[in-house]
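Chemist: Shown below is the structure under consideration.
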Amino acid sequence: MSERPTSVYDYIVIGSGAGGAVVANRLSADPATSVLLLEAGGPDRNPMHLVPKGFYFTMNSPRSSQKYRTEPYGSGVTAEWAKGRVLGGSTTINGMVWNRGWAPDYDALEQQGMIGWNWERFVQAFRAIEDHELGPGPVRGVGGPVPVSIASPPEEASDAMIEAMGKHGIGFVEDPNGTDDDRVGYVASNIKRGTRMSAARAYLRPARKRRNLTILTHTEADRLVLDGTRVTGVEARTRSGSTVFDVRREVIVAGGPLESPQLLERSGIGRPDVLDAAGIPVVVASPRVGENLREHRGVTLQVSLSGVEGFNKQASSFRRQMWAGFKYLFTRSGLIAHGGYNVVAAYRSDPASSRPDTHAFFTPISTSRVNPISGRLVVDKSPGARFVVSATYPTSAGSVHVTSPDPTKPPRVVASFLETQHDRDLAVKVLRKGREILATEPFSRYVTQELEPGPQVSTDEEIIEFTRDSGVAGLHTLGTCAMGPDDDDVVDGHLRVRGVEGLRVVDSSVFPQMPSGNCSAPTQALAWIASDIIIADNAVR
Ligand SMILES: Cc1cc2nc3c(=O)[nH]c(=O)nc-3n(C[C@H](O)[C@H](O)[C@H](O)COP(=O)(O)OP(=O)(O)OC[C@H]3O[C@@H](n4cnc5c(N)ncnc54)[C@H](O)[C@@H]3O)c2cc1C
């Protein structure tokens, strides 16, 4: 993918993930508009990018992902967060859960002053984007670029889990995105006939023959070129050296939640003290760039099972893995044809909660050991299950900032887990409720032991410490270039970077808070809406 660039483009989009792929597709739909899409990673040619379970490999491969190490937190531990660095961004390596989020979360944006950002607009976008196997509905679309399917066939341990949840008032639904109530169902995923539908496959493949769209992989934007406070181009690094691409109208930054703020900062747009410390001259003081980093912090409850098979048997021996591989190759079905989890749920951790505050994922696979040589999790030989539970709306906020003008130097990533009382209280409720569900018939009849965290984690303090230090990150980072109505918010309601002309950010970094349990679908819908705004703003010039 290396067409020769012409010297000047109407739009330059930086990053080809959930945000950038949508914008590049929508803007280049007009043949009179030239669009350049720059992607730091390589093309998505690895067959594992198509195989749903392939993300277990690609998320750890430096050819497809980049890892960011956090500063120490809690008792001094650190974490590594993976982000996609390949055509399609994180959607090429993610778990493919298609979660639209809930109406009140989107309406909250408008209530906070972002006029026009509301559920009505998002649901229109979701309906335009989706090609849902359950057919059209008030909150579902067909005929759009992203196929959505529901995990199948049903499985015994998963069905027992669904029944147990029913006893807690968490009702089974065919479409887990169809209601805002407490609910459980088989996972909806962006998978078509056993094949991952990343943003690259959904939006860029159909557009790549357009003569007005140029896609350059292995091309990393180092900084924006500014004339005063107007963006005139992008300085980028290719395999053959540095080059400048000029822009006529706008640059759209879609590098994702950890990279977009760094690109702004390297270009002199950010917190003056951060830029001073990194040795970068301040062009536009923007105090919230890189702040407000939100991330889900969950806990994996693992149990061993008896009397039910689950998936461990299929996944734990080389011979059976080979068999599952052959089955997948010839039928596009079986264990490998699904994402990370079978069942998804959203529910109240406490009946007093005004809305579902917990999201949970279940799959009948357990990995209670780590291979001492490879460092990878090992699937247990005997039956087991994992139940990952997280508070949906964390209020603790971390940050990501550059430490140098050199784009190859790692940023300083501060993960802020359970810093607020709200998050600590919820962590306790979420884990206790998770245990209650596992202890409910008919699922409980299969449970022989809690493998993780184990009975030694029982007091509130122990639960908080375990969740903070040994929990799991959702890899749903966002919020670092948040939109807002105030002068010091990074972008305005049109996603224009305040204080700069010809520059927008369109990716998950502009959500000011978590829109739901997973961020790929919400980011694609946000980018769909943003494309309409960009087209309309440029039509009236
Ligand atoms: C392992 C994993 C599992 C996940 N599972 C799920 C899931 O099951 N469901 C779900 O909804 N969400 C999931 N997510 C989260 C979801 O994929 C992201 O929230 C979403 O993709 C964010 O979209 P984005 O456009 O902000 O960034 P990304 O999709 O990450 O795209 C950013 C792109 O920009 C490129 N880029 C960055 N900087 C530059 C630069 N300077 N120059 C050129 N290119 C650049 C990157 O290489 C990347 O391709 C998961 C994420 C990960 C990492």
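Read-outs throughout are calculated quantities, based only on the coordinates presented, and are distinct from any laboratory measurement. Everything numeric in this text was worked out from a predicted model, so none of it was measured. Please note: Cβ atoms are built from the backbone with ideal geometry, for glycine as well, and neighbour counts cover all protein chains shown.
Chemist: Count the lysine pairs in the chain whose Cα atoms sit under 27 Å apart, keeping only pairs 8 or more residues apart in sequence or on different chains.
Modeler: 18
Chemist: Have a look at the range 84-230 and give its Rg and Dmax from the Cα atoms, expressed in angstrom.
Modeler: Spelled out, the Cα radius of gyration and Dmax of the range 84-230 are 19.1, 63 Å.
Chemist: If I require 24 Å or longer along the helix axis, counting alpha carbons, and a Kyte-Doolittle average no lower than -0.5, what helices from the chain are left? Use full DSSP H segments. Kindly include the intermediate steps, with their values, before the conclusion.
Modeler: Values: long enough: 421-438 (26 Å, -0.71); 520-539 (28 Å, 0.69).
Helix filter hits for the chain: 520-539.
Chemist: I would also like to ask the following. On a full-extension model of 0.36 nm per residue, what is the gain between residue 532 and residue 370, subtracting their alpha-carbon distance, rounded to one decimal in nm?
Modeler: Extending this stretch completely gives an extra 53.6 nm.
Chemist: Further question: With no solvent and one equal point scatterer placed on each C-alpha of the chain, evaluate the Debye formula and give log10 I(q)/I(0) for q = 0.06, 0.13 Å⁻¹, two decimals.
Modeler: -0.27, -1.34
Chemist: What are the extents of the Cα atoms of the range 478-528 along their three principal axes, listed from largest to smallest and rounded to whole Å?
Modeler: 32, 19, 14
Chemist: Quote the relative contact order of the chain in percent (integer), defining contacts as alpha-carbon pairs under 8 Å separated by 6+ residues.
Modeler: That works out to 21 percent.
Chemist: Would you list the P(r) distribution for the range 61-149, with all Cα-Cα distances sorted into 10 Å bins from 0 and each bin expressed as a whole %?
Modeler: 15, 27, 30, 23, 5
Chemist: Next question, about the same structure. Mind giving me the nanometre distance, one decimal, between the label points for residue 412 and residue 227, set 7 Å out from Cα along Cα→Cβ?
Modeler: In this crude label model, residue 412 to residue 227 measures out at 3.6 nm.
Chemist: So what are the three principal axis dimensions of the range 299-402 from its Cα atoms, in whole Å, longest to shortest?
Modeler: Projected onto the principal axes, the Cα atoms of the range 299-402 cover 47, 42, 27 Å.
Chemist: Relative to the present Cα-Cα distance, how much length would full extension add between residue 381 and residue 327 at 0.36 nm per residue of separation? Let's see the in-between values first.
Modeler: Values: separation 54, 0.36 × 54 = 19.44 nm, distance 2.06 nm.
Here the segment from residue 381 to residue 327 would lengthen by 17.4 nm.
Chemist: What does the convex hull of the alpha-carbon atoms of the range 145-254 project to on average, in nm²?
Modeler: 11.9
Chemist: Provide the three semi-axes, in whole Å and in decreasing order, of the ellipsoid equivalent to the range 69-110 as defined by the square roots of 5 times the Cα gyration tensor eigenvalues. Don't jump to the answer; show the numbers that get you there.
Modeler: Details: eigenvalues 150, 83, 17 Å².
Computed over the range 69-110, the values are 27, 20, 9 Å.
Chemist: What are the extents of the Cα atoms of the range 182-322 along their three principal axes, listed from largest to smallest and rounded to whole Å?
Modeler: Between the extreme Cα coordinates on each principal axis of the range 182-322 lie 69, 42, 35 Å.
Chemist: Based on Cβ point charges of +1 for Lys and Arg and -1 for Asp and Glu, what charge dipole magnitude is obtained for the chain about its Cα centre, in debye rounded to the nearest 20?
Modeler: 2320
Chemist: What translational diffusion coefficient, to the nearest whole µm²/s, does the range 394-541 have by Stokes-Einstein, given a Kirkwood radius computed over alpha-carbon pairs, a temperature of 4 °C and 1.567 mPa s viscosity? Walk me through the numbers before you get to the answer.
Modeler: Values: Rh = 18.7 Å.
It comes out at roughly 69 µm²/s.
Chemist: Starting from 0.36 nm per residue, how many nanometres of slack lie between residue 501 and residue 469 once their C-alpha separation is accounted for? Walk me through the intermediate numbers first.
Modeler: Details: separation 32, 0.36 × 32 = 11.52 nm, distance 4.23 nm.
Here the answer is 7.3 nm.
Chemist: At each listed q (0.17, 0.19, 0.24 Å⁻¹), what is the log10 of I(q)/I(0) that the Debye formula gives for the range 326-370 modelled as equal alpha-carbon point scatterers?
Modeler: So the normalised log intensities are -0.68, -0.75, -0.88.
Chemist: Here's something else I'd like to know. Could you calculate the FRET efficiency of residue 282 with residue 248 from 1/(1 + (r/R0)^6), where r is the beta carbon distance between them and R0 is 30 Å, rounded to 0.05? Before the final figure, lay out each step's value.
Modeler: Numbers: r = 27 Å, r/R0 = 0.89.
That pair, residue 282 with residue 248, gives E of 0.65.
Chemist: Related question: For residue 478, which sequence-distant residues (separation of 5 or more, or a different chain) have an amide H within less than 5 Å of its own amide H, given hydrogens modelled in the peptide plane?
Modeler: Close amide H contacts, sequence-distant or interchain: 294.
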